[in-house]
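What follows is one structure encoded as C-alpha cells, with my remarks underneath.
The values are calculated or read from the model by the stated rules, or taken from the named source; none is laboratory data. Treat the numbers as computed from the prediction; the structure is a model and nothing was measured. A quick note on method: Cβ atoms are made from the backbone with ideal geometry, for glycine too, and the neighbour counts reach across all protein chains shown.
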Amino acid sequence: MKKKFQLERYNQILWAGIGTAVVAVVAVVLVTAAVAALYAALTSRSGVPVALVEEDGQGETASEAVHYDFCQPIAVYGSPYQLIRVVTDRLVVRNKPAVMHKRGYGSYSSNEQSYDSCGIYGTDGPSAIANVLVRDADSGAMHMLFKENAVIQALEYPQLPVRSTGAEVAQEFPPAGVLYWEIAFEDSNGDNVIDEHDDSGAYLSDIDGRNLVRITPKPSRVLEKTYDKSRTLLTLRLVRDSNRDGKLDDTDSPSLIEVSVAKRTIVREVLDRASLRGLMRAAEPQRTAAPRSGQK
C-alpha cells in the first residue's frame, strides 16, 4: 500500500513538472512573439516599399505592370490652368522605390477640405502622387510638370476667396501667380527607399508649374510654415541634417528660416538650436561664488 501511494505521488510530481514545463515553454513562445511584434511595429516604415523598376541595356524599362490614374482637376484661381495629379501604385524615383501610403497620400492644399482622396480607382491599395499634368483650360494645351517622376508630398495653390462677415477674404498663401510644392526627387540617405528620412525640398513655381525653384537648404524637410503677407515672407520651421549622418531623423535639430516669396530665395536663418541655447543662457539664474572662509 505504501509503495502504491509512493508511485501515485511520484506520478503526480512528474505530471506536475511536465505541466509546468509546457506552460513555461508556451509563455516563452508568447513573450518572444510579442517582443518580435513590438520590435516590428517600432522599426517598420509607415508604408509599403514598391517594386524597383530596373533599366535594361537598351535603356528601356523592364518591369511589372505599373498602374496610373488621374484625379479630379484642380482649378487654379485667377488663371486658366488646371492641375491634374497623376497617381501610381509603383513609384520609382531615380531607381529607388518610394514608401507609399493608403489613399490620401500627401496633401494638395492645407486650407481646403476635400472629398477627393486622389487614389487609383477600384483599389484601396497604396498609391502616390508621381507627377502633375498642367492643362490650359482655354486652349486645351497640356504639359507634364516633371520629365522624371518624383514623390510629390504637398501642393498648394491660389484659391477662390471665401466670404466671411459679409466680405470676401482672400487666402493668404500662396499668393496669386505662385504654386507651393514639397517634393522628394531622390534617395538622399542611400537606404534604397525614399521616405521621411530623405531630403524633401520646398519649392515655388509659376502658376503653370514652370520655373520651379527650391527655397529650402539641402538636405531638409519642412515641419511647419507661416506666411507674412505684408512682407511677402514665408517662415519655415524645418529639420536639417544637423549631425551630418546623411539622414533626417529625431537625432537632428530644427531651424527657422525666412524666404522671400517674390524673389524665391532664402533671406536669412532666424534661429537654430545652438543660437537658441546661447539666448536662453541669459535667462538662466546666475551662480554666485561661495564665500571663502573668514569672509562674510
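Identify the residue in the stretch 220-274 that is farther than 21 Å from residue 205 by Cβ and hydrophobic (A, V, I, L, M, F, W, C) and, among all such residues, is surrounded by the fewest Cβ atoms within 10 Å (Cβ to Cβ).
Going through the qualifying residues, I end up with 274.
Tell me yes or no: at least one residue of the stretch 86-107 is at pLDDT 90 or above, over 21 Å from the mean Cα position of the chain (by Cα) and not in a loop (DSSP other than H, G, I, E, B).
No, because not a single residue in the stretch 86-107 is at pLDDT 90 or above, over 21 Å from the mean Cα position of the chain (by Cα) and not in a loop (DSSP other than H, G, I, E, B).
Is at least one residue of the stretch 157-173 on the phi > 0 side of the Ramachandran plot, at pLDDT below 95 and among the charged types (D, E, K, R)?
Within the stretch 157-173, not a single residue is on the phi > 0 side of the Ramachandran plot, at pLDDT below 95 and among the charged types (D, E, K, R).
Output the residues belonging to the stretch 125-141 that are of a type in the set (D, E, K, R) and part of a strand (DSSP E or B).
Result: 135, 136.
Going residue by residue through the stretch 202-212, is there one that turns out to be part of a strand (DSSP E or B), of a type in the set (Phe, Trp, Tyr), closer than 20 Å to residue 147 by Cβ and touching a Phe, Trp or Tyr at 6+ places or on another chain (Cβ under 7 Å)?
yes
Give 245, 208 a once-over and let me know the one that is among the charged types (D, E, K, R), touching a residue at least 40 places away in the same chain (Cβ under 8 Å) and closer than 30 Å to residue 91 by Cα.
Residue meeting the stated conditions: 208.
Does any residue of the stretch 132-155 turn out to be aliphatic (A, V, I, L, M), at pLDDT below 85 and farther than 30 Å from residue 258 by Cβ?
No, that holds for no residue.
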